[in-house]
Structure formats: C-alpha cells, structure tokens
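First comes the structure, then the notes that go with it.
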Amino acid sequence: MTTRMGLSRRQALLSAAALPLAATLPRAARAKAEKQGMSVPSFSRFALGDFEVTTLLAGTRPVENPHDIFGLNVSAEEFAAASDAAFLPTDVAQFFFTPTLVNTGAALILFDTGLNPEGITAALAAAGHTPDEVDTVVITHMHGDHIGGLMGEAGATFANAAYVTGAVEHNHWMGAGNETFDAKVRPLNDRFSFLDDGGAVAPGISANLAPGHTPGHMAYRIESGGKSLMLIADAANHPVWSLAHPDWEVKFDADKAQAAATRRSLLGMIAADRLPFIGYHMPFPATGFIETAGDGFRYVPTAYQLMLG
C-alpha cells in the first residue's frame, strides 16, 4: 500500500484560510477584556393610544434589612418563607425610584420627581428631554423621594412648569412642619393647582384617591385611544411583599389599615380590568400586570405587550 503525502486541493485551501484566523487569536499572556460593570437602563418608552409614556429611573439603591420596612406585622419566619418562595434574599432589597413622563401631544406631563434634581435631570436627558420642556409636574404625594427633584441649589428644576397635586395631600403637609416639604414644595405654592378624587390633570388623565400611604395619596388613570393604564405611585411598593401580601404592614404607610384596604381595592380593580400599571417602586421599567392569587395578588412583569401599541 502506498500513502499519498501531498494535500488535496480542498485541504490546501482550508489550511490556507485558517492561517489568518490563527494569527489573530490572543496569546495566553495577553490581558483579558475588562469587566464593564452592571448595566442599569435609565428610561423605557411605549405608546398608549395617542400618548407616549416614558418611565424614568431617577435612582436605585440597595436597602438592608427589608423586613424592617415590609411585613411589620408578620414573623421573621413568615417573611423569610415568602421571600424564599419568590427567590428573594431577606437581608437586602434593591429599591427603585421611577417617575413617569406622559407626552399627550399637547403637553409634557411629569409624575413625581425622584430623590434629587440630578437624578431626574439625568433620566430626562437619557430619554431625550430637558427639564424646561416639562409643562406640568404632578405630585402623587409629598414624601421626599417624590418631591426631592423639585428644587435644588439652582432653584426650581422645572422652570416652565405648572404644578398639580391633591388638595387633601397638600393641606396635610402644609401643617406638618416637614423640612423637605418646606424646602421643596412651599416655595412653589403659588404655582400649584389642586385636585380632588376624579379631578382631571389633562384630557385623559384623572386622579384616583388612594389614601393610607399618606392622607391624600393619589393614583392616576391614563387613557388614550381606547387604551388605559393605572399609575399607582406608592399604593404598593414591592412586587411580592406588597402585592402578594397586601395586608402586610409597611413602615412608611401613615395609616396602615387604610393602606391595606386601598391595596386590596385598587389592585383588585386593576386585576379585574386587566390593566397595565406603573408602580413607582416596582423593579424597573416599573410596568406590569396584576392577577389575583390566593388571598393576594401576583405581579406579572410586562414582556412585549406595551411595545405593540
């Protein structure tokens, strides 16, 4: 038997093609690519009928010992069991602060302002907007993480905006002696107008009194072109510890029993009507659906539904 020592034409071509690729492979001693760090999106935009809705991540941070905040009326064992079932750690939670921007075509309306001017300004810039474009700022309630972006060292963040909030909410904080309210809201008082339950911010945007978290806390229904969503603000602040367990007490709820009743009625309505919702503290992009589950509710994060218009 004889053996052919030469290469076939096909083998020769393959070997030649491989040479440039081999020459480009990194040597063992060459440094590896640097890690880039966790990516955090800063805005998410979708159409709602003729409106354009943008959720803005104005801040996010880890908070230790979440059982000091959620589930104050349940044992550590019950809190741990519910958290473990949802694949959540019990020693730390990630908090999100998500204002919402609604472009109606006639006005640019911002709901809440985050912790500080820097956070909301950066999120707006990422979404292609500047603070001076905002026509109306709506404050759902007067906690610091919602009014913090109103004012800074340079003065009012939204120089051209009018301001809207609930009458009951504003009246409460006017007499509360709260430093943050006095620094961020009181200087803008002459630019505020006030709503009661059912009042309209603009055509298609109406207030829904949702008290308990604060005395005059408001949710808002946004409707356009036959599409609707609910902006629930802080009526529920966590996808598991608030939605799945609406009767669990929350540290920051002023009237804990009323807040639980509001969660049950508001979330029940959203589930029954199969509406999308935006929750200020839900995991970004803060959009989802709700379904009833046992004695509570299940959070269903949006997939591509809102991309379909």
Item to check | FRET efficiency estimate (nearest 0.05) - Cβ-Cβ, LYS251 to ALA80, R0 25 angstrom | outcome: 0.90
Item to check | Sites SER265 and LYS35 - FRET efficiency at Förster radius 51 Å, r taken between beta-carbons, to 0.05 | outcome: 0.65
Checklist entry - Separation between the ALA200 and ALA272 pseudo-spin-labels, each 7 Å from Cα along Cα→Cβ, expressed in nm? => result 2.5 nm
Next on the checklist: Under 28 Å between alpha carbons, and skipping anything fewer than 8 positions from LYS256 in its own chain: which lysines qualify?
Outcome noted: LYS184
Checklist entry - What is the helix-to-structure angle for 117-126, meaning the angle in degrees between its Cα long axis and the longest Cα principal axis of the chain, kept from 0 to 90 and rounded to the nearest 10? => result 50 degrees
Next on the checklist: For the chain, what does the helix formula give at 222 nm: sum of -39500 (n - 2.57) over DSSP H segments with n ≥ 4, over the residue count, nearest 500 deg cm²/dmol?
Outcome noted: -7000 deg cm²/dmol
Item to check | Potential lengthening between ARG186 and PHE87 on full extension [0.36 nm per residue; Cα-Cα distance subtracted] | outcome: 31.4 nm
Checklist entry - Which whole-number percent is the relative contact order of the stretch 230-309 (Cα, under 8 Å, 6+ apart)? => result 34 percent
Checklist entry - Relative contact order, percent, of the chain when contacts are C-alpha pairs under 8 Å separated by at least 6 residues? => result 16 percent
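Rule-based calculations on the coordinates, nothing more; no lab input. Since we're looking at a predicted model, the values are computed, not measured. Using ideal geometry, Cβ is built from the backbone for each residue, glycine included, and neighbour counts are taken over all protein chains shown.
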